[in-house]
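Before any comments, here is the structure.
The values are calculated or read from the model by the stated rules, or taken from the named source; none is laboratory data. It should be emphasised that the depicted structure is a prediction, and the values quoted were computed from it without experimental measurement. Here the Cβ positions follow ideal geometry from the backbone for every residue, glycine too, while neighbour counts run over all protein chains shown. The area values use the complete protein model at the heavy-atom level, side chains included, leaving out ligands, DNA and RNA. Shrake-Rupley method; radii C 1.70, N 1.55, O 1.52, S 1.80 Å.
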Amino acid sequence: MGMIRLKNVSKFYYSKGIIASGITRINLDLDVGEFVVITGESGSGKSTLLNVISGLDTYEEGEMYIEGKETSHYVATDFEGYRQKYISSIFQSFNLVSSYTVYQNVALAMQIDGRSSAEIKEKVPAIIEKVGLTAYKNRKVSRLSGGQKQRVAIARALAKETKILVADEPTGNLDSASAAGIVDLLTGIAKDKLVIVVTHNYDQFSDHATRVIKMHDGKIVEDTGVKKAGDKISQEEKAAEEERADAALQRDPKEDTQGRRNTISYGTQLRLGIRNTFNLPAKFLLLLLVFLFVVSAVSSQYVSVKQQQDTVSEVGFNTYFSHYDPKRIVVEKQDRSPFTRADYEALENAPHVEKLIREDMIYDSQVYIENDQFSFYGYPLNISSLEDEITFGGLPQADDEVVLSGYDDGWTFGEEPEKLVGNTYTIYGDDGTERKVKVAGIVFKEYDEDDYYGEGEVYFSDAMVVEIRKSMYASRATTTMHINGSDIQLMPGAGGLMVNDKVPEGYVLISTSWDPMFKKGYAAGNDVNIHVKTIYYEADLPLTIMGTYGEKTFKDKTGLDNLAEHEGEVFINPQDYRRLYERGSYQASVFIDDTREMEGMVDMLERGGYHVLVLKDHIFNFMDGELISIISVPLAVIVCLAVFFIAYFVIRLILKSRGVYFATVRMLGMGRKPARRIMRVELVLVCLIAFAVFLLFIYLNYLGVIYREQLMNCILYLTMRDYILLAAILLVMAVLIAGRFMRSIFKSSAMGAYREEA
Ligand code: ADP
Ligand code: MG
């Protein structure tokens with residue numbers, strides 16, 4: 001039985017709709033010990049025949065037997081195994097990994113074969129010695145001459161220890177002296193192997209060939225045994241060789257139907273991946289740049305969405321800045337804690353600060369005060385910021401006294417403004433609370449051209465400003481009451497959460513309609529928890545149910561008259577209400593004296609621990625905040641997808657050089673899975689390094705060594721979770737690209753991959 005047998009084998013090439021015949025109905029028997037030389041003119045089918053024999057290309061008709069086994073049913077992965085076990089290839093163009101050293105190239109063949117590192121360390125130097133390259137062992141292949149490269153290719157073939165060695169024009173690129181050396185080496189090898197050489201220069205091999213096959217137009221036209229096969233080795237030697245081969249097969253229990261021996265180990269895959277990452281510095285830097293581009297583009301989209309959502313969220317930076325002013329900067333603390341007296345002092349004394357509004361939350365809102373005769377809308381301000389002279393009346397003497405300021409236009413204050421002074425009015429809070437205030441004074445404002453809004457102001461005492469802010473928080477917070485296992489949403493104000501002086505601190509008064517929900521039929525004595533969530537804080541208030549009110553007990557328990565108006569309300573003590581909603585001011589506005597100082601001011605504030613919103617930059621004052629967050633997310637997603645596409649194509653271009661590498665390892669018999677893992681290691685490594693560089697830049701920004709607004713925004717807006725998400729997005733991208741890339745390498749035959757990538 002022969003080593004290789006071809007029966008009526010044909011191969012066609014399909015390209016651009018044209019079918020070309022590579023070889024037609026080839027019949028051939030080849031055996032170990034032969035030194036076969038295939039000749040013929042260019043285009044006669046020599047390479048095609050060789051590639052079919054070596055499993056680098058598929059054939060369409062006939063049958064090829066390898067050691068008696070049929071191969072026509074083989075798929076691509078079967079041929080990887082076949083090549084790994086039987087074939088060593090030598091090419092005219094060497095097909096070495098030029099960024100690897102001589103040693104690494106030779107070792108690679110054994111690593112792909114799954115050989116132990118001890119075996120590799122022992123055998124590789126001996127093989128390199130055999131081809132005469134010991135002095136160049138650690139030199140990169142790209143720095144060798146053509147003759148030396150072909151010696152490396154032969155060493156690599158020897159390292160594979162296969163029974164068949166094929167060589168396609170091995171001397172084609174070499175001068176005659178180098179060529180003679182290669183011929184000698186091949187002749188030496190041919191003693192115990194099947195060596196098949198394709199050449200159009202038969203003379204170089206005529207002294208050594210045992211058989212010459214001449215091809216013409218895809219067919220064998222001459223097949224001569226120059227020396228009879230077996231001449232060179234005796235029958236005993238041949239029997240001994242077969243025994244060795246059998247032993248080699250038995251040595252490996254993992255052998256499967258595809259004839260694959262051991263596969264490359266995970267450790268080696270990792271090591272090759274790491275080596276590939278760094279051994280071409282230019283390629284590494286380019287990949288790094290692409291990943292940096294992706295991480296910075298994605299992070300900036302991410303930040304801008306977060307920034308906008310922050311800006312337009314209901315509590316926090318207001319959607320509508322009625323007091324639009326190019327000199328106004330809204331600030332909150334980066335740790336989102338309330339302002340302290342020291343914070344206010346530092347801000348007030350900072351250079352270029354003209355004015356500080358401490359209660360920014362209420363600054364853009366309006367308050368409404370009225371009684372039977374008169375009503376007035378105005379922006380709430382602290383009395384300390386009143387600059388104008390009082391026209392009627394005087395400054396407030398008590399916490400509940402206010403000063404009204406507006407134009408002397410005859411209708412703002414009516415016909416007789418002086419008569420408003422001293423009267424009591426009701427002020428309605430956002431949370432449905434009502435408070436009484438007394439007008440202490442009236443101010444006629446001077447006409448101001450820059451006054452866009454034209455409305456008046458109400459100047460309050462510190463205590464009243466706090467009350468107004470509290471109402472605002474209450475109305476904008478999400479308030480839930482956890483009672484008897486369920487969560488009830490409570491709106492502060494009529495029908496919801498109310499304050500009542502008759503309820504002691506730590507207690508809550510609820511409607512008797514709750515009673516049946518409790519086991520014993522009455523709610524009193526049970527515990528509830530009230531939870532408040534705003535964008536600045538969350539708070540819990542555990543309370544005990546003091547009792548329930550019904551029709552008869554309502555007036556007695558609450559001091560209120562009409563139960564129908566208060567149906568379902570939950571009453572707590574004013575001190576407890578304050579605990580929920582009065583937790584300090586989280587937002588302030590700084591006015592600078594010169595808009596040219598804006599950039600420096602923003603920089604200073606950000607370094608000082610503030611999160612800054614410059615009104616000048618936000619022209620969407622009157623645009624609906626919801627709308628912005630609705631379009632900003634899809635927009636960011638589209639931009640990110642575009643970035644991924646660009647990155648993908650650039651990476652594919654950069655990886656072009658890797659294509660030859662993977663065609664080479666595939667030629668040596670590596671399968672798709674290990675190849676993909678090696679590629680993944682490389683891309684994931686670059687990706688992690690890019691992410692680390694990104695973090696480093698952020699850190700340098702944090703330290704103040706560099707300053708980039710985009711990086712500053714990352715510090716302000718990204719949390720740990722966001723960073724992890726960003727890294728995950730990058731890693732997924734790296735893994736997907738590695739997979740896609742390998743699919744394209746492995747989609748055609750091994751030779752096809754070379755043709756495509758070379
Ligand atoms: P040789 O090695 O003897 O020069 P080849 O085996 O390369 O010949 O080519 C044999 C025939 O197959 C030629 O007619 C050639 O044009 C054709 N052929 C070879 N490779 C391809 C290919 N990739 N696509 C289409 N036709 C091909
Ligand atoms: Mg050829």
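Stretched out straight at 0.36 nm per residue, the stretch from Lys419 to Glu387 would grow longer than its current Cα-Cα span by 9.2 nm. At an R0 of 51 angstrom, the distance between the Cβ atoms of Val650 and Ser375 translates into a FRET efficiency of 0.20. Here the calculated FRET efficiency for Ala539 and Leu285, from their Cβ-Cβ distance with R0 = 45 Å, stands at 0.30, rounded to the nearest 0.05.
Could you tell me which of the pairs Lys69/Lys137; Lys193/Lys656; Lys85/Lys656; Lys85/Lys283 are separated by over 30 angstrom between their Cα atoms in the structure shown? Pairs exceeding 30 Å: Lys69/Lys137; Lys193/Lys656; Lys85/Lys283. Report the net charge of residues surrounding Gly218, where surrounding means a beta-carbon distance below 9 angstrom and charges are Lys +1, Arg +1, Asp -1, Glu -1. Net charge in that neighbourhood comes out at +2.
Could you tell me the relative contact order of the range 530-621? Use alpha-carbon pairs under 8 Å, at least six residues apart, and round to a whole percent.
So the answer I get is 17 percent.
The C-alpha atoms of the chain define a longest principal axis, and helix 462-476 lies at about 50 degrees to it. Using the rule -39500 (n - 2.57) for each DSSP H run of four or more residues, divided by the residues of the chain, the 222 nm mean residue ellipticity is -13000 deg cm²/dmol.
Extending 7 Å from Cα along the Cβ direction at Glu63 and again at Ser748 yields two label points whose distance is 2.9 nm. Proximity of backbone amide H atoms, modeled 1.01 Å from N, is registered between Val32 and Met3 at under 5 Å, excluding neighbours fewer than 5 places apart on the same chain. What the Cβ-Cβ distance of Ala728 and Tyr266 gives, at R0 = 22 Å and to the nearest 0.05, is a FRET efficiency of 0.45. Between the residues Gln397, Leu668, Phe518, the greatest Cα displacement towards the positive end of the dipole of the chain, with unit charges on the Cβ of Lys, Arg, Asp and Glu, is found for Leu668. Distance between the modelled labels on Glu446 and Glu505, one decimal in nanometres: 4.8 nm (7 Å Cα→Cβ projection).
Once Rg and the Kirkwood radius are both taken over the C-alpha atoms of the chain, their ratio Rg/Rh works out to 1.27. Accessible surface of the range 4-227, 1.4 Å probe: 48 percent of it comes from carbon and sulfur atoms.
Over the chain, with the other protein chains present, what is the accessible area per residue in square angstrom, probe 1.4 angstrom?
Per-residue accessible area for the chain comes out at 47 Å².
For the range 442-545, carbon and sulfur atoms together expose 48% of the accessible surface, with a 1.4 angstrom probe and every protein chain in place. Remark: accessible surface ordering of Asp501, Asp335 (largest first) is Asp501, Asp335, probe radius 1.4 Å.
Across the range 477-581, the mean sequence separation of Cα contacts (distance under 8 Å, 6 or more residues apart), normalised by length, yields a relative contact order of 37 percent. Our estimate of slack between Val75 and Ala346, defined as 0.36 nm per intervening residue step minus the Cα-Cα distance, is 90.0 nm. Any idea what angle helix 281-312 forms with the longest principal axis of the chain, computed on alpha-carbon atoms, 0 to 90 degrees, nearest 10? Tilt of helix 281-312: around 20 degrees. Using C-alpha pairs below 8 Å separated by at least 6 residues, the relative contact order for the chain is 16 percent. Between Arg740 and Asp192, the modelled label-to-label distance comes to 4.9 nm, taking each label 7 Å out from Cα in the direction of the beta carbon. Taking a sphere under 13 Å around the Cβ of Tyr344 and counting the other residues whose Cβ falls inside, with K and R at +1 and D and E at -1, yields a net charge of -2. Across the range 92-100, computed HN-Hα scalar couplings (Karplus, 6.51 cos²θ - 1.76 cosθ + 1.60, θ = phi - 60°) run 4, 9, 6, 6, 9, 8, 6, 8, 9 Hz from first to last residue, x flagging Gly and Pro. Compared with the dominant Cα axis of the chain, that is its longest principal axis, helix 625-654 is turned about 20°.
Once the Cα-Cα distance is subtracted from the 0.36 nm per residue extended length, the Gln575 to Ser93 segment shows a gain of 164.7 nm.
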